Amino acid sequence: MGLISKRKAVAGVVVAAALLAGCSDVDPDSAGDPSAKTPGQPTADPSTTLTPSQKPPAAAPVTRTFPARLKNGKPPLFIVVSFDGAGDLPLWTHWRSVAKEVNARMTFFLSGPFLYPESRRKDYKPPYKKLGASDVGFGDAAKVVPRAVALRQAIGEGHEIGTHANGHFCGPKGINKWTAQMWDYELRAFDLMVRNGPGIAAGKRLAAPFDPTTVKGMRTPCLEGNRAAYRQVMRKRGMLYDASDAGLIAWPKREDGLWDFPLQSVHLAGTGRNTLTMDYNLWFTQSKAKPVPIAHAPRLKGQVLATYRNALARSRGAGNPPLFLGNHFNRWNNSVYSEALTTFVKETCKQPDVRCVSNVELIRWLEKNGIPKPKA
């Protein structure tokens with residue numbers, strides 16, 4: 001019996017070419033990953049943060065407001081930094097620290113199996129797959145509870161948790177074949193992994209890190225899936241936005257009753273090639289998603305950083321439409337992409353016209369102030 005039964009008994013050819021790279025999630029508990037313990041982490045039982053008497057918080061807090069216009073007459077330049085998967089514990093520590101340093105809020109699209117122990121993987125039966133299938137694995141039981149604690153703490157700091165679904169099935173035999181009914185199962189399975197996974201891993205009753213029914217947005221695996229099918233399910237769940245499309249640097253609009261927050265087509269600095277504002281696509285465009293010698297890292301990092309800076313300049317020149325920067329918790333090409341993004345966030349988020357926000361913070365601003373009209 002699966003998780004659910006147990007519970008009851010764009011932008012044309014340029015963007016299309018950029019999308020060919022797809023995306024790739026990282027199993028946070030693979031043998032090559034660093035230990036969950038990092039300097040400065042508490043040694044006390046982390047599950048005390050998840051005491052059953054505590055009501056799980058909402059997944060998408062909005063605690064800040066922003067002006068409709070800045071002193072220069074323009075709207076704020078919003079930058080949304082988001083991460084797919086959101087499993088690796090040392091990188092949770094890193095990105096929360098970076099955000100705190102520059103007063104940023106970020107969005108983390110969680111893969112459900114990262115909160116569900118490997119020993120119970122057969123509770124999950126994805127469409128067209130065998131019991132317990134997952135292309136990103138499941139959680140190491142010893143790391144599930146610390147990961148749930150990190151999620152709870154991140155929400156307390158104002159960050160948003162979205163969903164990246166569960167098994168991350170891409171390509172011809174993946175989620176493109178799924179119907180609305182299948183997506184409904186997938187998202188209810190996500191709910192149950194969030195609610196039950198930490199307690200199963202700990203062997204005792206624990207509260208969920210957050211209330212999964214309050215998740216407001218999704219990025220589908222590899223930006224794939226039948227949009228009409230999964231967006232139908234999203235609307236019924238009261239979700240507000242889809243971050244699975246590709247587009248240009250422009251003010252976002254509503255599609256199918258949801259805000260459409262795309263990854264954006266940009267020029268890879270110093271080349272005539274286009275890519276998307278996603279770390280995997282940058283990696284693919286630079287080196288076909290293959291590792292390169294460490295001696296190349298400074299040049300590649302400089303190119304990624306220049307690409308981000310050029311995108312920022314394009315936004316300013318177009319009246320400050322938001323930038324959507326998609327990422328993973330990764331160390332690809334000797335951490336080039338994480339390091340470039342860290343530098344960009346630290347140098348940019350405190351600039352007077354910039355606000356580094358979560359997707360739901362941007363929605364609150366758009367719904368209050370409307371979509372700015374493009375410059376004539």
Practice problem: Can you tell me which residue among Ala208, Ala201 is under 21 Å from Ala60 (Cβ atoms), open to solvent by less than 50 Å² (accessible area, probe 1.4 Å) and more than 19 Å from the chain's Cα centre (by Cα)? | Solution: Ala208
Quiz item: Can you name the residue in the range 27-45 that is modelled with pLDDT of 70 or more and under 30 Å from Tyr280 (Cβ atoms) and, of all such residues, is least open to solvent (accessible area, probe 1.4 Å)?
Solution: Pro28
Exercise. Go through (1) surrounded by fewer than 18 Cβ atoms within 10 Å (Cβ to Cβ); (2) small (Gly, Ala, Ser); (3) touching a Ser or Thr at 6+ places or on another chain (Cβ under 7 Å) and name the single condition Ser287 misses.
Key: (3)
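Residues to consider are Gly199, Gly174, Gly203; find the one that is of a type outside the set (Ser, Thr, Tyr), in contact with a Lys or Arg (Cβ under 6 Å, 6 or more places away or on another chain) and farther than 28 Å from Ile79 by Cα.
Details: Gly174 fails: in contact with a Lys or Arg (Cβ under 6 Å, 6 or more places away or on another chain); Gly203 fails: in contact with a Lys or Arg (Cβ under 6 Å, 6 or more places away or on another chain).
None of the others qualify; the one that does is Gly199.
Just checking: which of the strands (runs of 3 or more DSSP E) contained wholly in the range 227-282 hold 3 or more residues that are crowded, with 20+ Cβ neighbours inside 10 Å? Explain how you work it out, then say what you get.
Values: elements: 253-255, 258-260, 263-267, 274-276.
The strands (runs of 3 or more DSSP E) meeting that bar are 263-267.
The values are calculated or read from the model by the stated rules, or taken from the named source; none is laboratory data. This one's a predicted model, so the numbers in the text were calculated from it and none came from an experiment. Reconstructed Cβ throughout: ideal geometry from the backbone, glycine too, with neighbour counts over all protein chains shown. Accessible surface is based on the protein model in full, side chains and every heavy atom, while ligands, DNA and RNA are left aside. Shrake-Rupley method; radii C 1.70, N 1.55, O 1.52, S 1.80 Å.
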